[in-house]
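The values are calculated or read from the model by the stated rules, or taken from the named source; none is laboratory data. These numbers come from a predicted model, not from an experiment. Here the Cβ positions follow ideal geometry from the backbone for every residue, glycine too, while neighbour counts run over all protein chains shown.
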Amino acid sequence: MIPSLPRPAWLRAATVLYVAAFLAFLFLPLVVVSVFAFNDAPYPAPPWHGFTLDWFFANDPVGRIGLFHDDELLGSIWTSCVVGLWVTVLSVLVGLANALVIERHDFRGKKLLSIMMLIPLVIPGVILGISILAFASQIAQFADDHFGLDLRFLRPGLALVVLGQFSYIATITTLTLRARLSRFDRTLEDAALNLGASRAATFRTILLPYLRPALIGSAAISFLMSFADFNTTLMLVGGDSPLTVLMYGRMHEGATPVLNAVSLFLMIASAVLALALMRGRGRRPA
(Lines give C-alpha, C1' and ligand atoms only; values in the text may rest on other atoms or scores of the structure.)
Protein backbone atom coordinates (compact mmCIF):
# COMPACT_ATOMS: atom_id res chain seq x y z
CA MET A 1 0.00 0.00 0.00
CA ILE A 2 1.25 3.48 -0.90
CA PRO A 3 1.71 5.46 2.37
CA SER A 4 0.43 8.70 0.83
CA LEU A 5 -2.96 7.22 -0.11
CA PRO A 6 -5.78 7.62 2.43
CA ARG A 7 -6.68 4.52 4.42
CA PRO A 8 -10.04 3.72 5.95
CA ALA A 9 -10.42 4.17 9.68
CA TRP A 10 -10.96 0.46 10.31
CA LEU A 11 -7.66 -0.39 8.60
CA ARG A 12 -5.75 2.19 10.65
CA ALA A 13 -7.32 0.85 13.84
CA ALA A 14 -6.55 -2.74 12.86
CA THR A 15 -2.94 -1.82 12.16
CA VAL A 16 -2.55 -0.15 15.54
CA LEU A 17 -4.16 -3.12 17.31
CA TYR A 18 -1.96 -5.58 15.45
CA VAL A 19 1.24 -3.70 16.31
CA ALA A 20 0.16 -3.31 19.94
CA ALA A 21 -0.68 -7.03 20.24
CA PHE A 22 2.60 -8.01 18.61
CA LEU A 23 4.67 -5.79 20.93
CA ALA A 24 2.75 -7.02 23.96
CA PHE A 25 3.41 -10.63 22.96
CA LEU A 26 7.13 -9.88 22.65
CA PHE A 27 7.74 -7.67 25.65
CA LEU A 28 5.04 -8.39 28.25
CA PRO A 29 6.66 -11.66 29.43
CA LEU A 30 9.98 -9.82 29.77
CA VAL A 31 8.33 -7.10 31.82
CA VAL A 32 6.68 -9.65 34.11
CA VAL A 33 9.98 -11.48 34.65
CA SER A 34 11.75 -8.20 35.39
CA VAL A 35 9.11 -6.97 37.85
CA PHE A 36 8.95 -10.21 39.82
CA ALA A 37 12.71 -10.27 40.23
CA PHE A 38 11.95 -7.74 42.99
CA ASN A 39 8.99 -9.58 44.52
CA ASP A 40 9.29 -10.32 48.24
CA ALA A 41 8.00 -13.87 47.89
CA PRO A 42 9.68 -17.30 47.58
CA TYR A 43 8.22 -17.96 44.13
CA PRO A 44 8.77 -16.13 40.82
CA ALA A 45 5.14 -15.36 39.99
CA PRO A 46 2.13 -13.30 41.15
CA PRO A 47 0.77 -12.17 43.53
CA TRP A 48 2.92 -9.20 44.50
CA HIS A 49 4.17 -9.23 48.11
CA GLY A 50 6.29 -6.09 48.18
CA PHE A 51 9.59 -4.78 46.89
CA THR A 52 12.93 -6.38 47.82
CA LEU A 53 16.49 -6.66 46.53
CA ASP A 54 17.09 -9.97 48.30
CA TRP A 55 17.12 -11.97 45.07
CA PHE A 56 20.15 -9.96 43.96
CA PHE A 57 22.11 -9.28 47.17
CA ALA A 58 20.86 -11.53 50.02
CA ASN A 59 23.43 -13.84 51.62
CA ASP A 60 21.61 -16.00 54.13
CA PRO A 61 22.74 -19.66 53.91
CA VAL A 62 19.57 -20.89 55.62
CA GLY A 63 17.27 -18.45 53.84
CA ARG A 64 17.63 -16.47 50.68
CA ILE A 65 20.75 -16.45 48.51
CA GLY A 66 20.84 -13.63 45.97
CA LEU A 67 22.31 -13.81 42.51
CA PHE A 68 25.57 -12.07 43.39
CA HIS A 69 26.21 -14.48 46.30
CA ASP A 70 25.15 -17.66 44.49
CA ASP A 71 28.48 -19.25 43.59
CA GLU A 72 26.86 -21.97 41.51
CA LEU A 73 24.93 -19.48 39.37
CA LEU A 74 27.90 -17.15 38.97
CA GLY A 75 30.07 -20.11 38.02
CA SER A 76 27.58 -21.20 35.38
CA ILE A 77 27.52 -17.67 33.93
CA TRP A 78 31.32 -17.73 33.72
CA THR A 79 31.19 -21.17 32.10
CA SER A 80 28.73 -19.90 29.49
CA CYS A 81 31.00 -16.90 28.83
CA VAL A 82 34.06 -19.13 28.33
CA VAL A 83 32.15 -21.44 25.99
CA GLY A 84 30.72 -18.44 24.13
CA LEU A 85 34.16 -16.88 23.63
CA TRP A 86 35.62 -20.08 22.22
CA VAL A 87 32.62 -20.62 19.94
CA THR A 88 32.82 -17.00 18.79
CA VAL A 89 36.51 -17.16 17.92
CA LEU A 90 36.18 -20.46 16.05
CA SER A 91 32.98 -19.47 14.26
CA VAL A 92 34.30 -16.09 13.07
CA LEU A 93 37.63 -17.49 11.86
CA VAL A 94 36.05 -20.46 10.07
CA GLY A 95 33.18 -18.32 8.77
CA LEU A 96 35.66 -15.84 7.29
CA ALA A 97 37.62 -18.64 5.65
CA ASN A 98 34.42 -20.18 4.27
CA ALA A 99 33.21 -16.84 2.91
CA LEU A 100 36.51 -16.17 1.17
CA VAL A 101 36.64 -19.65 -0.35
CA ILE A 102 33.07 -19.60 -1.62
CA GLU A 103 33.05 -16.00 -2.86
CA ARG A 104 36.56 -15.83 -4.32
CA HIS A 105 37.05 -19.27 -5.89
CA ASP A 106 35.25 -21.44 -8.41
CA PHE A 107 35.56 -25.20 -7.96
CA ARG A 108 33.60 -28.34 -8.60
CA GLY A 109 30.92 -28.92 -5.99
CA LYS A 110 30.75 -25.29 -4.88
CA LYS A 111 26.94 -25.14 -5.02
CA LEU A 112 26.65 -28.46 -3.22
CA LEU A 113 28.99 -27.20 -0.50
CA SER A 114 26.93 -24.03 -0.09
CA ILE A 115 23.76 -26.09 0.33
CA MET A 116 25.32 -28.58 2.73
CA MET A 117 26.52 -25.75 4.95
CA LEU A 118 22.88 -24.85 5.60
CA ILE A 119 21.97 -28.31 6.89
CA PRO A 120 22.95 -27.67 10.55
CA LEU A 121 20.47 -24.77 10.62
CA VAL A 122 17.49 -26.98 9.78
CA ILE A 123 18.36 -29.88 12.09
CA PRO A 124 16.74 -29.66 15.54
CA GLY A 125 19.25 -28.88 18.26
CA VAL A 126 18.47 -32.06 20.22
CA ILE A 127 19.08 -34.24 17.16
CA LEU A 128 22.27 -32.36 16.37
CA GLY A 129 23.50 -32.79 19.94
CA ILE A 130 22.72 -36.51 20.06
CA SER A 131 24.39 -37.08 16.68
CA ILE A 132 27.55 -35.24 17.70
CA LEU A 133 27.66 -37.07 21.04
CA ALA A 134 27.29 -40.49 19.43
CA PHE A 135 29.86 -39.76 16.71
CA ALA A 136 32.42 -38.23 19.08
CA SER A 137 31.99 -41.05 21.61
CA GLN A 138 32.59 -43.67 18.93
CA ILE A 139 35.80 -41.95 17.83
CA ALA A 140 37.01 -41.59 21.42
CA GLN A 141 36.24 -45.25 22.16
CA PHE A 142 37.98 -46.42 18.96
CA ALA A 143 41.10 -44.37 19.78
CA ASP A 144 41.12 -45.77 23.32
CA ASP A 145 40.64 -49.41 22.26
CA HIS A 146 43.13 -49.48 19.38
CA PHE A 147 45.75 -46.86 20.23
CA GLY A 148 45.41 -46.32 23.96
CA LEU A 149 44.62 -42.64 23.46
CA ASP A 150 42.38 -40.85 25.93
CA LEU A 151 40.64 -38.20 23.81
CA ARG A 152 38.81 -36.49 26.63
CA PHE A 153 37.71 -33.56 24.49
CA LEU A 154 35.46 -36.01 22.62
CA ARG A 155 33.73 -37.09 25.84
CA PRO A 156 30.79 -35.13 27.31
CA GLY A 157 32.14 -31.84 28.60
CA LEU A 158 32.78 -28.22 27.70
CA ALA A 159 35.09 -29.03 24.78
CA LEU A 160 32.35 -31.07 23.14
CA VAL A 161 29.82 -28.32 23.90
CA VAL A 162 32.06 -25.86 22.05
CA LEU A 163 32.34 -28.21 19.06
CA GLY A 164 28.59 -28.86 19.05
CA GLN A 165 27.63 -25.19 19.12
CA PHE A 166 30.34 -24.32 16.62
CA SER A 167 28.92 -26.85 14.14
CA TYR A 168 25.88 -24.66 13.42
CA ILE A 169 26.89 -21.18 14.57
CA ALA A 170 29.77 -21.18 12.06
CA THR A 171 27.14 -21.47 9.32
CA ILE A 172 25.51 -18.23 10.48
CA THR A 173 28.81 -16.35 10.54
CA THR A 174 29.58 -17.66 7.06
CA LEU A 175 26.29 -16.37 5.69
CA THR A 176 26.78 -12.98 7.37
CA LEU A 177 30.31 -12.53 6.04
CA ARG A 178 29.40 -13.81 2.58
CA ALA A 179 26.63 -11.22 2.32
CA ARG A 180 29.11 -8.45 3.14
CA LEU A 181 31.89 -9.84 0.96
CA SER A 182 29.63 -10.21 -2.08
CA ARG A 183 29.23 -6.41 -2.23
CA PHE A 184 32.97 -5.69 -2.10
CA ASP A 185 34.51 -3.85 -5.07
CA ARG A 186 37.49 -6.01 -6.01
CA THR A 187 38.99 -3.24 -8.14
CA LEU A 188 40.21 -1.72 -4.84
CA GLU A 189 42.34 -4.81 -4.26
CA ASP A 190 43.56 -4.80 -7.86
CA ALA A 191 44.62 -1.17 -7.53
CA ALA A 192 46.55 -1.90 -4.33
CA LEU A 193 48.30 -4.87 -5.91
CA ASN A 194 49.22 -2.84 -9.00
CA LEU A 195 50.76 -0.21 -6.72
CA GLY A 196 53.05 -2.83 -5.19
CA ALA A 197 51.18 -3.92 -2.05
CA SER A 198 51.45 -7.56 -1.04
CA ARG A 199 48.38 -9.74 -0.74
CA ALA A 200 48.75 -9.78 3.04
CA ALA A 201 48.96 -5.98 3.18
CA THR A 202 45.99 -5.67 0.84
CA PHE A 203 43.94 -7.99 3.03
CA ARG A 204 44.94 -6.15 6.21
CA THR A 205 44.45 -2.59 4.98
CA ILE A 206 41.57 -2.87 2.49
CA LEU A 207 39.50 -6.04 2.85
CA LEU A 208 39.64 -6.44 6.61
CA PRO A 209 38.46 -2.87 7.41
CA TYR A 210 35.61 -3.35 4.92
CA LEU A 211 34.59 -6.59 6.65
CA ARG A 212 34.97 -5.19 10.18
CA PRO A 213 31.25 -4.37 10.72
CA ALA A 214 30.24 -7.85 9.60
CA LEU A 215 32.97 -9.44 11.72
CA ILE A 216 31.85 -7.56 14.83
CA GLY A 217 28.18 -8.27 14.15
CA SER A 218 28.75 -11.97 13.51
CA ALA A 219 30.92 -12.22 16.64
CA ALA A 220 28.15 -10.67 18.75
CA ILE A 221 25.53 -12.99 17.24
CA SER A 222 27.77 -16.01 17.77
CA PHE A 223 28.37 -15.18 21.42
CA LEU A 224 24.71 -14.53 22.19
CA MET A 225 23.56 -17.68 20.38
CA SER A 226 26.14 -19.76 22.22
CA PHE A 227 25.22 -18.21 25.56
CA ALA A 228 21.51 -18.91 25.02
CA ASP A 229 21.83 -22.39 23.48
CA PHE A 230 20.09 -25.13 25.42
CA ASN A 231 19.11 -28.09 23.23
CA THR A 232 22.54 -28.92 21.84
CA THR A 233 24.31 -28.03 25.09
CA LEU A 234 22.07 -30.30 27.18
CA MET A 235 23.09 -33.33 25.10
CA LEU A 236 26.84 -32.62 25.29
CA VAL A 237 27.48 -31.10 28.71
CA GLY A 238 29.50 -32.86 31.38
CA GLY A 239 30.11 -31.82 34.99
CA ASP A 240 30.38 -28.05 34.47
CA SER A 241 26.92 -26.81 33.55
CA PRO A 242 26.45 -23.62 31.53
CA LEU A 243 23.76 -21.22 32.66
CA THR A 244 20.91 -22.52 30.49
CA VAL A 245 21.35 -26.10 31.72
CA LEU A 246 21.65 -25.01 35.35
CA MET A 247 18.50 -22.87 35.12
CA TYR A 248 16.63 -25.78 33.57
CA GLY A 249 17.65 -27.99 36.49
CA ARG A 250 16.62 -25.40 39.06
CA MET A 251 13.23 -24.97 37.42
CA HIS A 252 12.60 -28.66 38.04
CA GLU A 253 13.83 -28.45 41.63
CA GLY A 254 11.61 -25.46 42.42
CA ALA A 255 12.04 -22.03 40.93
CA THR A 256 12.71 -18.91 42.99
CA PRO A 257 12.87 -15.24 41.94
CA VAL A 258 16.66 -15.68 41.68
CA LEU A 259 15.99 -17.01 38.19
CA ASN A 260 14.06 -13.83 37.44
CA ALA A 261 17.03 -11.84 38.73
CA VAL A 262 19.36 -13.77 36.42
CA SER A 263 17.03 -13.14 33.48
CA LEU A 264 16.87 -9.42 34.21
CA PHE A 265 20.66 -9.25 34.57
CA LEU A 266 21.14 -10.96 31.20
CA MET A 267 18.55 -8.75 29.51
CA ILE A 268 20.37 -5.64 30.71
CA ALA A 269 23.74 -7.04 29.63
CA SER A 270 22.39 -7.94 26.17
CA ALA A 271 20.80 -4.50 25.78
CA VAL A 272 24.06 -2.78 26.74
CA LEU A 273 25.97 -4.91 24.23
CA ALA A 274 23.46 -4.18 21.47
CA LEU A 275 23.50 -0.44 22.16
CA ALA A 276 27.29 -0.41 22.20
CA LEU A 277 27.41 -2.16 18.83
CA MET A 278 24.80 0.18 17.33
CA ARG A 279 26.61 3.24 18.64
CA GLY A 280 29.96 2.01 17.36
CA ARG A 281 28.52 1.21 13.96
CA GLY A 282 26.90 4.63 13.76
CA ARG A 283 30.29 6.28 14.21
CA ARG A 284 31.94 4.29 11.41
CA PRO A 285 31.27 4.68 7.71
CA ALA A 286 29.67 1.62 6.15
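Quick notes
- When the test is whether a residue is crowded, with 17+ Cβ neighbours inside 10 Å, touching a helix residue (DSSP H, G or I) at 6+ places or on another chain (Cβ under 9 Å) and of a type in the set (S, T, N, Q), Thr232 passes it.
- Number of the exception - Gly125 against (1) within 22 Å of the chain's Cα centre (by Cα); (2) crowded, with 18+ Cβ neighbours inside 10 Å; (3) of a type outside the set (Ser, Thr, Tyr); (4) modelled with pLDDT of 90 or more: (4)
- In the range 1-50, the residues that are assigned to a loop (DSSP other than H, G, I, E, B), closer than 30 Å to Arg64 by Cα and without any contact (Cβ under 8 Å) to a residue 40 or more places away in the chain: Asp40, Ala45, Pro46, Pro47, Trp48, His49, Gly50
Rundown of residues vs (1) surrounded by 14 or more Cβ atoms within 10 Å (Cβ to Cβ); (2) at pLDDT 90 or above; (3) over 30 Å from Ala214 (Cα atoms); (4) not basic (Lys, Arg), yes/no style:
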| site | (1), (2), (3), (4) |
| --- | --- |
| Asp60 | no, no, yes, yes |
| Ser76 | yes, yes, no, yes |
| Asn98 | yes, yes, no, yes |
| Phe107 | no, no, no, yes |
| Met116 | no, no, no, yes |
| Asp150 | no, no, yes, yes |
| Ala159 | yes, yes, no, yes |
| Gly164 | yes, yes, no, yes |
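- Flag for Ala197 being of a type in the set (Gly, Ala, Ser), at pLDDT 90 or above and surrounded by 15 or more Cβ atoms within 10 Å (Cβ to Cβ): no
- Of everything listed in (1) at pLDDT 90 or above; (2) touching a helix residue (DSSP H, G or I) at 6+ places or on another chain (Cβ under 6 Å), the single unmet condition for Leu208 is (2).
- Considering Leu133, Leu177, the condition of being of a type outside the set (Phe, Trp, Tyr), in contact (Cβ under 8 Å) with a residue 24 or more places away in the chain and under 24 Å from Ala99 (Cα atoms) is satisfied by Leu177 alone.
- The range 95-111 residues that are of a type in the set (A, V, I, L, M, F, W, C), paired with ones that are surrounded by 13 or more Cβ atoms within 10 Å (Cβ to Cβ) and assigned to a loop (DSSP other than H, G, I, E, B) (beta carbon under 9 Å, 6 or more apart): Ile102/Met117
- Of the listed requirements (1) of a type in the set (A, V, I, L, M, F, W, C); (2) touching a residue at least 40 places away in the same chain (Cβ under 8 Å); (3) surrounded by fewer than 17 Cβ atoms within 10 Å (Cβ to Cβ), Leu259 misses just one: (3).
- Looking only at the range 9-35, and only at residues there that are over 18 Å from Leu264 (Cα atoms) and of a type in the set (Gly, Ala, Ser), the one that is surrounded by the fewest Cβ atoms within 10 Å (Cβ to Cβ): Ala9
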